[in-house]
Each structure stands twice: as structure tokens, then as C-alpha cells.
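A short worksheet on the structure shown next.
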Amino acid sequence: MSWTRVPLAALVICALLGGSAGCGSSDARERGGAPSASPVGKLLDRTDEQGRHYREVDKKGAPNVAIEVQPDSDDSWDVTLTLHRFRFSPAGTPARAVAGRGIAVLYLDGRTLAELRTAEYHLGAALVPRGTHHVTARLYADDRTVWAVGGKPVESTADITQSQAGETLKAPATPTTPAPTLSDNAPEARTGTGGSPDPGGKAS
């Protein structure tokens, strides 16, 4: 019958050490073994078109993006992003926000085109009907929250004009000089974006 005395003795020791915490309970393991990561920025109530929340960060040191769109010979378009204080995360990255990391989402007239993990994208002619259109690159954290500054998404927009089949025209250009830092007097993009200090990129 001595086998019953060992558990009883163990329970007495646990009680003396402060209850279940002294015996390695699940609560103790959660507190000591898996500390939560420090939050990045502040989640806002505001969301994007897909319901993903904005993640507000300080203007100093915030990521920014500029977009440039150039016509190709077959009525398609080459999109190039210029990034500051931001790196693309590889596929399979854990879904948590890390400062200066994530993906870019490309939009055409507010419609999602692609999620980018590279600074270049080829926009096919079939996706661009005749007329003037807005191409926007917006930066997201790996948990798909929107990087934001001053309550506005970190994004940049360029206008493109498709005149007719077999011919493309550049929209009036807005000079772009990517800035290494955000500044209070930097112009905003034409479409009202405010996270990126650069204008909407070199329109094409």
C-alpha cells in the first residue's frame, strides 16, 4: 500500500509550495514558457475594403512606398515599387506584425490585383480597359493589418491611361523623389493617401 503514500506526499508538498503553481501547472507553463511578443503599433477601428484593421505606427521610422508604372510594348504595364524602411516577408512567414516587414497589395481602381513579395509586377493589357485608371500599392503587416500613419494607409498611387487598342499614353507625370524619411511638409499622393510621404509615383 506504500504506492498511495507517494502521491499524497506530493500533494502535501504542492500545497506547501503554493498550490498547483508549485507543481508545474499549465498556467505556470503558459506564463513562463511562451511569452507573448511585444505589440507593434496600435490597432485602429478603421479598416480597409476587406475589413482588415489599420495598424498605426509613428511617422518617424515608418515604412513608405512609391510606385512607378511604365507602358510596355504590348499595351501592358510594368509596375515598380520603391520601398523605404520595409522588407518583403517570404512565403510561410508567421502571421504576426513585425516592424518594417510584410507584403504589398496591388490595386487597380480599388480592385485587388495581387499580393506582392517583390518590388516588380507585370500588369497585363487585358486587365486595363480603355480610359484612365488608378494603380495603388499598399503595405500590410504579415498578419494582414494595414500599416498606417496619421490614420491613413501607407500606400502610393499612379494614374495610367489606356487610350485604345494598340496604343498607350502616359498620364501627366508627377515627379517622384523617394525620401529616406517622412517629413511633415512632404506632399501626399494625388488620391488622398497619407501613409507614404512621396507623391503617387511617376504616373504613366
>> So in the stretch 48-76, with the set limited to residues that are in contact with a Gly (Cβ under 8 Å, 6 or more places away or on another chain) and farther than 18 Å from Glu155 by Cβ, which one is surrounded by the most Cβ atoms within 10 Å (Cβ to Cβ)?
In response: Asp75
> Taking the condition surrounded by fewer than 12 Cβ atoms within 10 Å (Cβ to Cβ) and small (Gly, Ala, Ser), does Ala126 pass?
Replying inline: yes
>> Name the residue that is farthest from Thr80 (Cα to Cα), counting only residues in the stretch 144-159 that are open to solvent by 20 Å² or more (accessible area, probe 1.4 Å) and not in a loop (DSSP other than H, G, I, E, B).
In response: Lys152
> Which one of Arg111, Arg85 is open to solvent by 60 Å² or more (accessible area, probe 1.4 Å), touching a strand residue (DSSP E or B) at 6+ places or on another chain (Cβ under 8 Å) and not hydroxyl-bearing (Ser, Thr, Tyr)?
Replying inline: Arg85
> Tally time: how many residues in the stretch 88-97 are hydrophobic (A, V, I, L, M, F, W, C) and open to solvent by less than 50 Å² (accessible area, probe 1.4 Å)?
Replying inline: 2
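Yes/no matrix, rows are residues, columns are (1) within 30 Å of Lys42 (Cβ to Cβ); (2) out of contact with any helix residue (DSSP H, G or I) (no Cβ under 7 Å at 6 or more places or on another chain):
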residue: Lys60; (1), (2): yes, yes
residue: Asp72; (1), (2): no, yes
residue: Ser76; (1), (2): no, no
residue: Pro90; (1), (2): yes, yes
residue: Gly102; (1), (2): yes, yes
residue: Pro129; (1), (2): no, yes
> Any residue at all in the stretch 130-143 that is within 17 Å of Ser156 (Cα to Cα), surrounded by fewer than 19 Cβ atoms within 10 Å (Cβ to Cβ) and not small (Gly, Ala, Ser)?
Replying inline: yes
> Thr118: in contact with an Asp or Glu (Cβ under 9 Å, 6 or more places away or on another chain) and either open to solvent by 10 Å² or more (accessible area, probe 1.4 Å) or in a loop (DSSP other than H, G, I, E, B) (or both), yes or no?
Replying inline: no
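The values are calculated or read from the model by the stated rules, or taken from the named source; none is laboratory data. This one's a predicted model, so the numbers in the text were calculated from it and none came from an experiment. Cβ atoms come from the backbone with ideal geometry, glycine included; neighbour counts cover every protein chain shown. Keep in mind that these areas ignore ligands, DNA and RNA; they rest on the heavy atoms of the full protein, side chains included. Shrake-Rupley method; radii C 1.70, N 1.55, O 1.52, S 1.80 Å.
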